[in-house]
Amino acid sequence: MSDNNKMQNIEDILSRSVSGFHQYILSAPPRLNYVSRNLCGMTGFFEDELIDGERDGYGALVHPADRKRFTGFLRELGTEEQTLTAEYRIVKKDGGVLYVSDTSTSRYLADGTMTADSVLTDITRLKEDNDNLRFLNETIPCGFLKYTCEKQPKITYINERMRRIFRFPEVREGEMDYLELCRENIFLLVPMEDRHRFASYLDRVYAQGAPLAGEMTVLRCDGTKAHLFGWVAKCVDDRGREEFQSVCMDVTERYRKKKAGEEKQYLKALTDVYDLIFEYEPAGNTVKCLHSRDSAVFRQIENIPMQMEDATERWIAETVAGEDQDRVREFFGAFYQGKYFLSDARPPQIRYRARSSEGRWRIYRGIFLKMNASSALFCCRRVPDSEEADLLRDENTALKENMQELILRFTDGLAAFEVLDDYVTPLYASDNVCEFFGFTREEWLSMMKKSTPLRSFVSRSAASYEDFAGLLEDGEAEFAYYDLDSGTERRIKAICSRKSPGGHAPRYVMLYSVDGKKGDGADGSCKVRIRTFGYFDVFVDDRPIAFRNKKSKELFALLVDRRGGYVSSEEAIGFLWEEEPVSSVTLARYRKVALRLKNILAEYGISDVVETVDGKRRIVTDKVKCDLYDYLSGREEYSRLFMGSYLTNYSWGENTLAELAGISGTCCPL
């Protein structure tokens, strides 16, 4: 092929195939030296319209708002041989606007003339998409996420608004980058109890290819929870790969107000059922009386916080019958120690004798009900005597007749509803209860705004008339029912408020489960078992925990070795990295290990076995079964557990090993 043909081929390639190719002479003023047919096709102008003597035809195409930026771009290119890129708009002959990315390389010709060879890329669609997102950001306070369709989705894009919603901190030198950690697994931003539901939503969106809208709770980086409303859609990215996209709004305040309203209705229903209601807040170590029906003494101190244990002890000493005081103290002591409201615990109840406001000894029944994550209610009511039971037998006949077919598909949680004449108004239900009545959460919320005929309300199931008749006569009843979810017989408790003198005021019925949850061991055995003699391992329901990080497993072993004592960050670093001093680097490394330990425990549903206070951590010894603790208890049946080895995995266990060897009289192995 001749040189002329080669040059012709190069010319054709530049003119036809290189996007928007053109050449500038960077003189003063700059002017076009060459225009490709590709650029002409892109702009709609002919070559002679763009190259017009001394006039810069291409510069005239640049959008007026971008000309200053374009002029500066050419000026900088002319300072030396280099390659630069700029983005700006050009106006086509038909008036349309293109966003282009201009990559130009400046060079000197043999005669000393400075030229610039430019290639344009049309980025109009990308810019318009970004502008739409910017408009969304500026006009609606939305968070935006893109993440992969993998089983463990990875975050590929997160906008600034979403960063603020999740409260990702600024990354400082030596500290862990929480955002980078969460990028690898979006489920780290979802509470453990909601992860299955979130995964099922993603599966639905992926399978159906249709967007899904709704509300959900997420975890912020500071440990608090936020409530979001948003949409999830399956899309295809620029590379043809499937991805999920979510647009979310922070509705936390609205959610809190709604929950506060529901709790207010719930509390109103409780006041019609119970004589006394006390709110306990363990975090603040306070208790206050929220409701006192007949007691003038308690009415004077309603809503006044008091020191939790002192106030409870005074109440027990001054009110509860002497023979029941120790039992009542044990009941409240278990609450102080956090033994109630575990995942497998039933509502704690107690029956005792106490002095009434009239000065008479009466029998009372009390129960602890969980109000929210930070507080619980102790509710007590006097057991009706025979005279009051006679009054209850005269209950509204229509109520009895219409309640013959009440469904109780009730597994866990609590609900309340108001009964007046032949109508029912739901007042409150914890999230996991509505479906057991045969209603969705949305249907339940709708019914809370109006009264529903009893026949319609109970049309989805049936309970025996005798059970409900007993409730009306005695004010409370506990009876068996068949749980459709577990396929087993369970027990439920119902309490009905007293009948008003005229009989026209509404009656309130409270329902709550008094069974342990599904999966309780028949022998009540602890589901977390720890082995320290020999190699260290942890078992949940006899299944070993597969720690994905060696240091997080070692940290857990260290907490076990401390036997319930708190371990500070500095102490832990001294054991986990014995050769390294405490520094910003090791502190960041330790926080990452602690977070991984927290996540793996949550994954196995045993987050409560480790307690964290002000950065210090400890194991809650009464929530685990450990061979070390059994052996140190001194009980005969555990005396042969220790065979001479302890935490073989970790050198720092030698101190405890020597202690154990001294107790058993065995030699400490080298």
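The values are calculated or read from the model by the stated rules, or taken from the named source; none is laboratory data. Please read all numbers here as calculations on a predicted model, not as lab measurements. So basically every Cβ, Gly included, is an ideal-geometry build from the backbone, and we count neighbours across all protein chains shown.
The set of residues from segment 167-194 being in a helix (DSSP H, G or I), surrounded by 15 or more Cβ atoms within 10 Å (Cβ to Cβ) and charged (D, E, K, R) comprises Arg183, Asp194. Within the option set Phe168, Phe187, being touching a Lys or Arg at 6+ places or on another chain (Cβ under 6 Å), modelled with pLDDT of 85 or more and not basic (Lys, Arg) holds for one residue only, Phe187. Filtered by the rule that a residue be touching a residue at least 40 places away in the same chain (Cβ under 8 Å) and in a strand (DSSP E or B), segment 288-302 gives a lone residue, Leu290.
Filtering segment 620-661 to residues that are among the aromatic types (Phe, Trp, Tyr) and farther than 14 Å from Val560 by Cβ leaves Tyr638, Phe642.
If a residue must be more than 59 Å from the chain's Cα centre (by Cα) and at pLDDT 85 or above, how many such residues does segment 1-25 contain? Residues in segment 1-25 being more than 59 Å from the chain's Cα centre (by Cα) and at pLDDT 85 or above: 1 in total.
None of Phe244, Phe298 is touching a Phe, Trp or Tyr at 6+ places or on another chain (Cβ under 7 Å), surrounded by 18 or more Cβ atoms within 10 Å (Cβ to Cβ) and hydrophobic (A, V, I, L, M, F, W, C) except Phe244. Exactly one residue among Leu660, Leu647 is surrounded by 13 or more Cβ atoms within 10 Å (Cβ to Cβ), farther than 17 Å from Val540 by Cα and free of Cβ contacts under 8 Å to residues at least 40 places away in the same chain, and that residue is Leu660.
Inspect all residues belonging to segment 259-273 and state whether any of them is part of a loop (DSSP other than H, G, I, E, B) and either under 16 Å from Gly366 (Cα atoms) or not small (Gly, Ala, Ser) (or both). Checking segment 259-273: at least one residue is part of a loop (DSSP other than H, G, I, E, B) and either under 16 Å from Gly366 (Cα atoms) or not small (Gly, Ala, Ser) (or both). Apart from one condition, Ala213 fits all of (1) in the same structural domain as Ser295 (by TED's automatic domain parsing); (2) part of a strand (DSSP E or B); the exception is (1). Just one residue in the set Ser386, Ser375, Ser356 is small (Gly, Ala, Ser) and modelled with pLDDT under 75; that residue is Ser386. The strands (runs of 3 or more DSSP E) found wholly in segment 39-126 and carrying at least 3 residues that are farther than 30 Å from Arg239 by Cα occupy 97-108, 114-122.
Among the residues making up segment 631-668, a single one is aliphatic (A, V, I, L, M) and within 36 Å of the chain's Cα centre (by Cα): Leu647.
Condition check for Leu628 on (1) buried (at least 16 other Cβ atoms within 10 Å of the Cβ); (2) among the hydrophobic types (A, V, I, L, M, F, W, C); (3) over 23 Å from the mean Cα position of the chain (by Cα); (4) closer than 28 Å to Arg172 by Cα: one failure, at (4).
Can we say Asn159 is within 18 Å of the chain's Cα centre (by Cα) and polar (S, T, N, Q)? Here the answer is no, as Asn159 does not meet what is asked. Taken over segment 579-617, the criterion of being under 24 Å from the mean Cα position of the chain (by Cα) and of a type in the set (Val, Ile, Thr) is satisfied by Val593, Ile600, Ile606, Val609, Val610, Thr612, Val613. Of all positions in segment 526-546, none carries a residue that is crowded, with 16+ Cβ neighbours inside 10 Å, closer than 24 Å to Val613 by Cα and over 29 Å from the mean Cα position of the chain (by Cα). As a summary of the residue check, Glu309 satisfies the conditions (1) closer than 30 Å to Ile619 by Cβ; (2) crowded, with 17+ Cβ neighbours inside 10 Å except for the one numbered (2).
Entry remark, segment 156-166: residues being surrounded by fewer than 16 Cβ atoms within 10 Å (Cβ to Cβ) and either assigned by TED's automatic domain parsing to the domain that holds Tyr604 or assigned to a helix (DSSP H, G or I) (or both) number 3 in total. Could you check, for segment 256-275, whether at least one of its residues is within 27 Å of Arg220 (Cα to Cα), of a type in the set (A, V, I, L, M) and exposed (fewer than 13 other Cβ atoms within 10 Å of the Cβ)? Taking every residue of segment 256-275 in turn, at least one turns out to be within 27 Å of Arg220 (Cα to Cα), of a type in the set (A, V, I, L, M) and exposed (fewer than 13 other Cβ atoms within 10 Å of the Cβ). Cβ-Cβ distances below 6 Å connect no pair with a first residue in segment 68-90 that is farther than 16 Å from His22 by Cβ, a second residue that is among the acidic types (Asp, Glu) and exposed (fewer than 14 other Cβ atoms within 10 Å of the Cβ), and a separation of six or more residues or different chains. Can you spot a residue in segment 271-289 that is under 14 Å from Arg381 (Cβ atoms) and among the aromatic types (Phe, Trp, Tyr)? Scanning segment 271-289, I find at least one residue that is under 14 Å from Arg381 (Cβ atoms) and among the aromatic types (Phe, Trp, Tyr), so the answer is yes. Within segment 124-163, restricting attention to residues that are over 21 Å from Asn185 (Cα atoms) and acidic (Asp, Glu), the residue that is modelled with the highest pLDDT is Glu128. All conditions but one from (1) among the acidic types (Asp, Glu); (2) crowded, with 16+ Cβ neighbours inside 10 Å; (3) under 19 Å from Lys551 (Cβ atoms) apply to Glu580; the one that does not is (2). All conditions in (1) assigned to a strand (DSSP E or B); (2) among the aliphatic types (A, V, I, L, M); (3) surrounded by 13 or more Cβ atoms within 10 Å (Cβ to Cβ) hold for Val205, with the sole exception of (1).
Applying the criterion of being of a type outside the set (D, E, K, R) and free of Cβ contacts under 8 Å to residues at least 12 places away in the same chain to the residues of segment 35-67, the residue that is surrounded by the fewest Cβ atoms within 10 Å (Cβ to Cβ) is Gly53.
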